[in-house]
Amino acid sequence: MSANPRRVENLHTDKGKVPVYATGIVEQPWDDYSDDDHATWATLYARQSEVLRGRASDEFLAAQDAMGMTPDRIPRFAELNEVLRAATGWTLMGVEGLLPELDFFDHLANRRFPVTWWIRRPDQIDYIEEPDLFHDLFGHVPLLMNPVFGDYMQAYGRGGVKAHAIGADALQNLTRLYWYTVEFGLIRQKDGLRIYGSGIVSSKGESLHSLESDAPNRIGFDLERIMRTRYRIDSYQKTYFVIDSFEQLIDATTPDFTPIYARLAQQDSIPAGDVRDGDRVFNRGTGEGWADDGDV
Ligand code: PHE
Ligand code: FE
């Protein structure tokens, strides 16, 4: 699930045959998945497992092991929920696609994680514009098994409910934090930079790009800097932010954001590709392949 309020379009052809409740929640129609659907899962699962070895954070890989998703067929949410609930109190629920922001925040605040039930078509293996089952389940769900990260997600949900009441600017600041951590975060381990963001974890191209390309900036985590930074929804990120640990993430985000939102309202946003004085720069991007406009 992504907090990015993009419109839902280009949906899987099977969409529409599953009853959607008023809230966007569905029962996972497991028996209706086609052989192609299971094959898409298996192909992506095998490919990403290969790519993520030595690239995903140790926490992600450990959480993935602990969760134990089936590599060869689409997992049943009900089976994953038995593991997840017992270990963490989190519950997965099937959804049709992106939810209204406040609904999304409310689910997270109550340790419910919405997972898109349908999977991309075979011709969308490498790229899809919106979150599907592979992104949500393979990308987001494993780290819910990590106690620190699971608490961060819940705290984010509570923070979202609050920001929503404060206003659109606060919400935008918070969405940028989600984007640059939950979706596109990197983490520094003893042996180098690794991936933990779901948007990267679920993409072969961006896994390689985020860690190994000279094009993007890699900059140390800085809460207010991130909250001011625009981002890309149609291409790889121009900048990735690097945390030292999930504890750092929790510590930096535990304080009340209300005064921070007020302060940021007086400041300009930062273009996605800028490097600023005071940034802790791990890599200054060459900017190769960057579009001049299109930051959101
Ligand atoms: N501390 C934040 C607030 O007061 C809540 C939050 C926690 C937001 C973690 C994001 C991530 O709004
Ligand atoms: Fe997402």
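Observations
- Scope region 138-158; condition away from ligand 2 (no atom under 16 Å from the Cβ) and crowded, with 22+ Cβ neighbours inside 10 Å; matching residues: Met145
- Counting residues in region 8-21 that are farther than 29 Å from Asn173 by Cα, away from ligand 2 (no atom under 16 Å from the Cβ), touching a Leu at 6+ places or on another chain (Cβ under 9 Å) and modelled with pLDDT of 60 or more gives zero.
- Among the residues making up region 121-145, those that are over 11 Å from the mean Cα position of the chain (by Cα), closer than 22 Å to Tyr196 by Cβ and either outside any helix (DSSP H, G or I) or among the polar types (S, T, N, Q) (or both) are Asp126, Tyr127, Ile128, Glu130, Asp132.
- Asp103 passes every criterion in (1) buried (at least 23 other Cβ atoms within 10 Å of the Cβ); (2) in a helix (DSSP H, G or I) apart from (1).
- Residue that is nearest to Asn217 (Cα to Cα), among those in region 172-198 that are more than 13 Å from ligand 2 (Cβ to nearest atom) and buried (at least 20 other Cβ atoms within 10 Å of the Cβ): Leu186
- Pick from region 76-88, criterion within 20 Å of Gln154 (Cβ to Cβ) and either touching a residue at least 24 places away in the same chain (Cβ under 8 Å) or of a type in the set (A, V, I, L, M, F, W, C) (or both), ranking: surrounded by the most Cβ atoms within 10 Å (Cβ to Cβ): Leu84
- Residue match in region 209-227 (condition: surrounded by 20 or more Cβ atoms within 10 Å (Cβ to Cβ), within 16 Å of ligand 2 (Cβ to nearest atom) and under 26 Å from Phe138 (Cα atoms)): yes
The values are calculated or read from the model by the stated rules, or taken from the named source; none is laboratory data. Here the structure is a predicted model, which is why all the values come from computation and not from measurement. With ideal geometry, Cβ positions are generated from the backbone for all residues, glycine too; neighbour counts draw on all protein chains shown.
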